[in-house]
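I have placed the structure first, in the form of structure tokens, so that the comments after it can refer back to it.
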Amino acid sequence: MRTQVGILGAGPAGLLLSHLLARAGIDSVVLEVRSREYVQHRVRAGVLEHPTVELLREVGLADRLDREGMPHEGVSLRFEGVDHRIDFIDLVGRGITVYGQQEVVKDLIAARLAAGGDLRFEVSDVALSGLADAPVISYTGPDGARHELRCDVVAGCDGFHGISRAAYRPEVFDREYPYAWLGILAKAAPTRHELAYASHDNGFALYSMRSPEITRLYLQVPPDTDVADWPDSRIWDELGTRLAADGFTLNEGPVLEKGVTGMRSFVAEPMRHGRLFLAGDAAHIVPPTGAKGMNLAIADVRVLAEALTAWFAGGGETGLDAYSDTCLRRVWRAEHFSWWMTSMLHNSPDGDPFTRRLQLSQLRYTVASRAAATSLAENYTGLPHGGGC
Ligand code: RFL
Ligand code: PHB
């Protein structure tokens, strides 16, 4: 078997890459270890930056997003019991859209299958060889038979726990945080239209949503938290305490999903090894406080698709040679923003009062100074693809 681009992973990065390549007339095969059902229902990100939405529109993937996505014109920072709105439209003239990552994945899978795309789910024992000049991906199909896929290029879009990053020895920058997020999805109508990031003496909380019927909520918890210690009533009590602000009410409802997610910052450099190109979580992780992970994955594959299109058209290696550096500039900007939001909003486990006072000072400055609020708005809504920084 042969294809031009062998893609590992059917997350947002791998699926969008396959779609962008197909638009340029380039063949690809997407290999995924999980089932289609599983990847379509994995609850993850919810915030699409403005440049992400523009790209999805440009490449014909936004019909349902434009119908069901929820455009937001700002977010709130909530501290000392007061809600402070950051008005994105006023500050930077663009907003964000709340639309679940699994919806993006469903739309991408539907579009690829409708166009005759080759997606192979439930593969196992994936291995890479020949990465210097003639890559081969070997894997076991769902039928138990072993296969070899020869390709010109491999795109490692297989997430943080995938195999592609292990095919070489990138330099790694890694930081774990001394806290995690306990996230719930609740069948409860949101009581407010926009997200609220709350800093409270008990710890961080985040108010988000997925639809007019579903609320998505997070609490800062210790990294070793066992969800069994958090019955629903304890979660609602704690959310009520941390999110409290004048006039705010919290709608409670049945908890549909509950999970603990660790927080880390991670970058692998470079994002290329011979004919292997990493994209998305395979190359970098941000803590979720800046809502950047899926957006970075999408920005990476846009750069990769453009470079591959030029290369396959005989335009030389320039784009491919620049791929890693181009992506890493945006990645490090997002790493900084995500680290900054995380450090400003989460309580240090030792309760250090010096740190707490610095955080409150930074929060007050961010909401009081137009310059500081603009910086948050510019980063949160997404810097233009290919622009500066
Ligand atoms: P994915 O989505 O992890 O997809 C990788 C796929 O590769 C498969 N795989 C393999 N396939 C083939 N061969 C192998 N050997 C393989 N090993 C693994 C996996 O099964 C999987 O299907 O990576 P991708 O495409 O790079 O996308 C990245 C995003 O998923 C991630 O950055 C975001 O979910 C992060 N994130 C958020 N990002 C945002 O932009 N906005 C948000 O609001 C946001 N909130 C979040 C988040 C992540 C969270 N969790 C659970 C980590 C909130 C949370 C709680
Ligand atoms: C979400 O809705 O899941 C969400 C929103 C904002 C974040 C992280 C997650 O920063």
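Results, tabulated for the structure shown:
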item: Qualifying residue in segment 119-135 (condition: of a type outside the set (A, V, I, L, M, F, W, C), outside any strand (DSSP E or B) and within 16 Å of ligand 2 (Cβ to nearest atom)); result: no
item: Top-ranked residue in segment 233-244 [being of a type outside the set (Gly, Ala, Ser) and free of Cβ contacts under 8 Å to residues at least 24 places away in the same chain; ranked as farthest from Val260 (Cα to Cα)]; result: Asp237
item: Residue tally, condition in a loop (DSSP other than H, G, I, E, B) and surrounded by 19 or more Cβ atoms within 10 Å (Cβ to Cβ), over segment 188-212; result: 4
item: Selection status of Gly95, at pLDDT 95 or above, within 16 Å of ligand 2 (Cβ to nearest atom), touching a His at 6+ places or on another chain (Cβ under 8 Å) and of a type in the set (Gly, Ala, Ser); result: yes
item: Residue count, segment 262-319 (criterion: away from ligand 2 (no atom under 16 Å from the Cβ), aliphatic (A, V, I, L, M) and assigned to a strand (DSSP E or B)); result: 4
item: Criterion violated by Ser208 - all others in (1) farther than 20 Å from Val43 by Cα; (2) in contact (Cβ under 8 Å) with a residue 40 or more places away in the chain satisfied; result: (1)
item: Candidate set: segment 1-44, residues that are within 15 Å of Gly280 (Cβ to Cβ) and within 16 Å of ligand 2 (Cβ to nearest atom); chosen: the one farthest from the chain's Cα centre (by Cα); result: Arg42
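Listed here are the residues, each with its yes/no results for (1) part of a loop (DSSP other than H, G, I, E, B); (2) within 16 Å of ligand 2 (Cβ to nearest atom).
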residue: Glu148; (1), (2): no, no
residue: Val154; (1), (2): no, no
residue: Gly159; (1), (2): yes, no
residue: Gly162; (1), (2): yes, no
residue: Ala166; (1), (2): no, no
residue: Phe173; (1), (2): no, no
residue: Pro178; (1), (2): no, no
residue: Trp181; (1), (2): no, yes
residue: Ala186; (1), (2): no, yes
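The values are calculated or read from the model by the stated rules, or taken from the named source; none is laboratory data. Small disclaimer: the values here were computed from a predicted structure and weren't measured. All Cβ positions, even for glycine, are placed from backbone atoms using ideal geometry, and neighbour counts span all protein chains on display.
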